[in-house]
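Scroll down for the structure; my scribbles are underneath it.
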Amino acid sequence: MLAVGPHARTFETGRESMTEMSRTPTSKGAGGSYLDAPPVVNARIKEGHQQWLSRALLCLMFFLLAILAMFVSLLALSSVLSTKADLNLAPDGTFQIAVFSDLHYGENESTFGPPQDINSAALMRQVLAQEQPDFVVLNGDLITGENTFAFNSTGYVDKIVAPLVQGGYSWASTYGNHDSKYNLSREALYAEEKKYANAYTQHGPAGTDGVTNYVLEVYSPVTTGSSPRPIALLWFFDSRGGSAYQSLPANVDNIDNYVSNGTVTWYRSVQAQLQGEYGILPSLAFVHIPMLAFVDLQDQNSPKVSGPNYPGLNADVPLAQQGYSDTGSEATPFMQALLDTPGLHSIYSGHDHGDSWCGRWPNSTLPGYGVGGGSGQMRPFLCFCKHSGYGGYGVWNRGVRQVRLSFDQSGDMSVNTWVRMQAGDIVTAVTLNETYGEDIYPTADGQ
C-alpha cells in the first residue's frame with residue numbers, strides 16, 4: 001500500500017486532487033481497497049468531500065439568488081413599463097377625443113389596398129395636427145381581415161398606430177366585425193396592439209364575449225391623494241361579428257354580431273360597483289355596430305336625422321344594426337342595460353359608413369323594435385362617428401368625429417361634437433344638451 005505523506009494536497013481549492021486519488025488504492029488487485037486505507041486518509045477524504053459539497057452548495061445558492069434578483073428586477077421593470085398614466089383633463093377642464101372609425105387597412109394588397117392605406121395614414125396625421133386631441137379612439141374595423149394573410153395580418157396594426165405613436169397620442173380600441181376573419185383573430189390583434197405603451201385597449205374578463213369590453217376612468221387635471229376620484233368614465237364594448245380564425249369555410253361569418261348577455265352581466269356589475277364607490281359619474285360608450293335604437297331614430301319623422309335639428313350624412317338607409325332579427329331581441333338586453341345606466345351621456349358607433357348624425361335615443365319604439373327610453377327619462381344621445389379610412393365601402397368624403405368634454409368646477413359635464421373633414425373644414429358642429437333636437441344647426445355634411 002502506498003503511503004500518503006504529511007504534505008499531500010487536500011481540497012484547499014475546492015477540487016479533489018487527482019494526484020492524491022490516483023495514489024489511493026481502489027482495488028484489491030492494486031494491493032488493497034479504499035476501505036483498507038489508514039483512518040487518517042479516510043478522514044481527510046471525507047473532509048474533502050464535505051468541503052467540496054459545501055462550496056458547491058454555496059455556489060449554487062449564490063447562482064439561484066442571482067437568478068431570483070434578475071427575475072425580480074425584470075418583473076419590476078415590466079410593471080413600470082405596463083403601468084399607464086391616468087387619463088386627465090386638460091388644465092382648462094376639457095378632454096377632447098378623436099374617433100377614427102372603419103379605417104379598413106389591409107385590403108387588396110396587389111392593387112388598390114396600399115394606396116388606400118397611405119391615404120388613411122395621411123388623413124390621420126392631418127386631423128391629429130389640426131385637432132391635437134387629448135385621446136384617440138379606434139372604433140372598430142381597423143383591418144379588412146378577409147383580405148389579409150395569416151403571416152402579415154396583425155402587422156397592419158403597426159401601420160395604423162404609426163401616426164399616433166409618432167405624434168405621442170394615447171388610444172383605446174373597440175374591434176369590429178371585419179377584425180375577426182380566417183387569417184385574423186381578435187386575440188392576435190389585441191396582442192399586437194398591446195406591444196405599444198400608448199395603447200390603453202384592455203381585454204375583457206372571463207365571462208365576457210369578444211375582447212374589447214372594459215372601462216377607462218378620466219380624472220381631473222391634477223390628481224392628489226392615494227385614491228383619486230374619477231370625474232368621468234369611458235366604456236368600450238365588443239359587438240363582435242365576423243368569422244372565427246382559421247375556420248372553414250373561410251371568411252363565412254359565424255360569430256354573433258351583438259354585445260353578448262355575458263358582457264351585459266359584467267357591465268351591470270361593474271357599473272353598480274363604480275356607482276357605489278364614486279356615486280353617479282357622467283360616462284360615454286363606444287361600440288362598433290350600432291343598436292336598434294339607431295334604427296328607430298333614423299325612422300322617426302320629427303325631428304328627422306340629417307335635418308337642421310339632427311344634422312349629418314344619412315346615406316345608409318336603412319342602417320345595419322346589431323343582431324339578426326327585425327325585432328332586435330338579441331340586442332335588447334344590452335340596450336336596456338345602457339338605458340338603465342345613470343349618467344350615461346352618449347353612445348358612439350361606426351359600421352355604417354354612410355351615416356354621421358347624432359340624435360337623442362327615441363322616447364318610443366316602432367312596433368316590435370328595440371327599447372324606448374320613455375319620455376320622462378334622461379335618454380342618452382346616439383352618434384355615428386364618420387367613415388375615416390379609405391378602405392371599406394363608400395365614396396363619401398372622409399372625416400373624423402371629435403368629442404370634447406367640458407367640466408365646470410362642480411364636476412358637471414357638457415359635450416360638444418363635430419366632424420373634422422380631411423380637407424380641413426368642420427361640419428355638423430353641435431352641442432349635445434337638453435335642447436338638442438330643438439336647436440337649429442347648419443345642415444352641411446361635408447359631402
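What follows draws every value from the coordinates through simple rules; no lab data is involved. Since this is a predicted model, take the numbers as computed values, not measurements. Note: ideal-geometry Cβ built from the backbone for every residue, glycine included; neighbour counts use all protein chains shown.
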For this session: Report, in whole Å, the centroid distance computed from the Cα atoms of region 287-347 and region 117-165.
Result: 26
For this session: Work out the P(r) tail for region 233-347: percent of alpha carbon pairs separated by more than 20 Å, whole number.
Result: 52
For this session: Rounded to the nearest 0.05, what FRET efficiency do Lys195 and Ser329 give with R0 = 41 Å and r taken as the Cβ-Cβ distance? Could you check?
Result: 0.55
For this session: Please give, to one decimal in nm, the separation of the simple spin-label points placed at Gln132 and Tyr278, each 7 Å out from Cα toward the Cβ.
Result: 2.7
Problem set entry | Residues Val222 and Ile118, FRET efficiency given R0 of 30 Å [Cβ-Cβ distance, rounded to 0.05] | 0.15
For this session: Would you mind calculating the relative contact order of region 288-344 from Cα pairs under 8 angstrom and at least 6 residues apart, reporting the percent as a whole number?
Result: 34
For this session: Subtract the Cα-Cα distance of Ser110 and Phe151 from 0.36 nm times their separation in residues, and report this length gain in nm to one decimal.
Result: 13.2 nm
For this session: Quick one: net charge around Asp102, please, counting Lys, Arg +1 and Asp, Glu -1 for every other residue with C-beta under 14 Å from its C-beta.
Result: -4
Problem set entry | Rough spin-label spacing in nm, given labels placed 7 Å along Cα→Cβ, for Asp425 and Asn261 | 4.9
For this session: Using a Förster distance of 30 angstrom, determine the FRET efficiency expected from the C-beta separation of Asp86 and Ser414, and round it to 0.05.
Result: 0.85
Problem set entry | Options Asn257, Tyr190, Val211, ranked by Cα towards positive dipole end of region 120-267, top entry (Cβ charges) | Tyr190
Exercise. Any idea what log10 I(q)/I(0) is at q = 0.06, 0.07, 0.11 Å⁻¹ for region 87-431, Debye with uniform C-alpha scatterers and no solvent?
Worked result: -0.19, -0.26, -0.68
